[in-house]
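Okay, structure first, notes after.
The values are calculated or read from the model by the stated rules, or taken from the named source; none is laboratory data. Everything numeric in this text was worked out from a predicted model, so none of it was measured. Positions of Cβ are backbone-derived with ideal geometry, glycine not excepted, and every protein chain shown enters the neighbour counts.
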Amino acid sequence: MQKVLKVQLICEHFDQEGNAVDYKTICKLLWELQKQTREIKNKSIQYCWEYSNFSSDYYKEHHEYPKEKDILSYTLGGYVNDKLKAGNDLYSANCSTTIRTACAEFKNAKSDFLRGDKSIISYKANQPLDLHNKSIRLEYQNGTFYFWLKLLNKSAVKANGFRNTEIRFKALVKDNSTRTILERCAASVYDIAASKLLYDRKKKCWYLNLVYAFEPQLAKALDPEKILGVDLGIHYPICASVFGDLKRFTIDGGEIEAFRRRVEARKISMLKQGKNCGEGRIGHGIRARNKPVYAISDKIARFRDTMNHKYSRALIDYAVKNGCGVIQMEKLTGVTADANRFMKNWTYFDLQTKIEYKAKEAGIQIIFIDPHYTSQRCSKCGYIDRENRPVQSRFSCQKCGFTENADYNASQNISIRNIEKLIEAQLQTKCESQADNS
């Protein structure tokens, strides 16, 4: 299993004579590598597109597609790599990774290009630098983590007057979680995989998106027949339960809503203040004028990310504690269709992603279902009717009289295996019954 850790880096490199290399010099070097990476990616797409056109013309004439090795003497990726591997300063393994990534992205989107659903890929500035796993070395020295990154080929190393092909960076460790992961990577408990080096223009610093791999610690005594149904509701942003179990896992949305209202009010206030800002922000464009607003937006994003980690971890812990081998959740499609849903303005996709990978770590299967009618169906008798929801937060069955919190009732329905087929059959029976009565 692979995960990503974002680590801020500070250059601490020395030249052949042992003098510290200026940070600005390293930045200029990395920006030049970004430029070359962009050019390599765009040329890779160009070669792939040209071969695609050749392949189409070949098919029209011979009624079959050509084999890449017969025409190019390589696979297409190998051919592109042979054409582009020279004439740049990139470390060879990183260059090959960049080319392979661009070719794979073209291949995945090729059918969309041909149908006209998408434009041909064109890479823009500020490209991340691809790092092959062999170009990353992590050391722990005197309480500090250092990354040694192979970024330049031998000729570029010599031209820049460096000692060797590796450039040293100090990692800024701001929390215990990051420290623990880096300790395990340094001790080879976790394996370092191909990663990316990125430049944050807002913060004007470099980050390493470190990809690390490990064998997940699967939870014991999980029952594959025990399903935890997860509903994103009205009264509770998250409500989960096992079918027939009165116990439930709930997240109170008050904490999120209070923060959102407070920050949004502050954001609106700052936008209004921007009209009458001081001279230091006037004349430098709308971005300078609204700089405090962008800072607020970053704060909202960080809060959402933190809360989604917190909620997803709590949900998985509940599933493990109750021995649930399966979690069923709603599909993303149509989540924002209901204007009254609290989660409409929340990062539902991010929350689902965090739940999904944490579940995978614990050995829990994730199943996505169509949520239609799960909020209208009675989890006791199966009766489906829009009138079962007299108010948004309350469920009251018009047939059997069962009354409960609407989110809990929906989670009970979602926790039933093959609930979609069951609802479809019940709706069909209801339609037939209404037809007979008429």
Legend entry - Candidate set: segment 405-417, residues that are surrounded by fewer than 24 Cβ atoms within 10 Å (Cβ to Cβ) and either at pLDDT 95 or above or under 29 Å from the mean Cα position of the chain (by Cα) (or both); chosen: the one farthest from Ser375 (Cα to Cα): Arg417
Inset, instruction - Could you please tell me which pairs satisfy a Cβ distance under 7 Å, a separation of 6+ or placement on different chains, a first residue in segment 45-67 that is in the same structural domain as Lys83 (by TED's automatic domain parsing), and a second residue that is surrounded by 14 or more Cβ atoms within 10 Å (Cβ to Cβ) and of a type in the set (Lys, Arg)? - result: Tyr47/Lys83; Ser52/Lys110
Legend entry - Yes/no for Tyr140 being in contact with a helix residue (DSSP H, G or I) (Cβ under 7 Å, 6 or more places away or on another chain), within 28 Å of Asp191 (Cα to Cα) and surrounded by 13 or more Cβ atoms within 10 Å (Cβ to Cβ): yes
Legend entry - Ser177, sole failed condition from (1) outside any helix (DSSP H, G or I); (2) more than 30 Å from Tyr51 (Cβ to Cβ); (3) within 28 Å of the chain's Cα centre (by Cα): (1)
Inset, instruction - Scan segment 67-120 residue by residue and report those that are more than 25 Å from Leu197 (Cβ to Cβ) and in contact with a Lys or Arg (Cβ under 8 Å, 6 or more places away or on another chain). - result: Thr75, Asp112
Legend entry - Looking only at segment 92-112, and only at residues there that are in contact (Cβ under 8 Å) with a residue 40 or more places away in the chain and hydrophobic (A, V, I, L, M, F, W, C), the one that is farthest from Lys134 (Cα to Cα): Phe106
Legend entry - Which listed residue is among the basic types (Lys, Arg) and in contact with a Ser or Thr (Cβ under 8 Å, 6 or more places away or on another chain), from Lys35, Lys69, Lys28: Lys69
Inset, instruction - Mind listing just one residue for me: the one in segment 115-135 that is free of Cβ contacts under 8 Å to residues at least 60 places away in the same chain and under 24 Å from Ile40 (Cβ atoms) and, of those, surrounded by the fewest Cβ atoms within 10 Å (Cβ to Cβ)? - result: Ser119
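Take segment 54-107 and flag every residue that is touching a His at 6+ places or on another chain (Cβ under 8 Å) and within 15 Å of Ser44 (Cα to Cα).
Once the filter is applied, which keeps residues that are touching a His at 6+ places or on another chain (Cβ under 8 Å) and within 15 Å of Ser44 (Cα to Cα), segment 54-107 yields Asn94, Ser96, Thr97.
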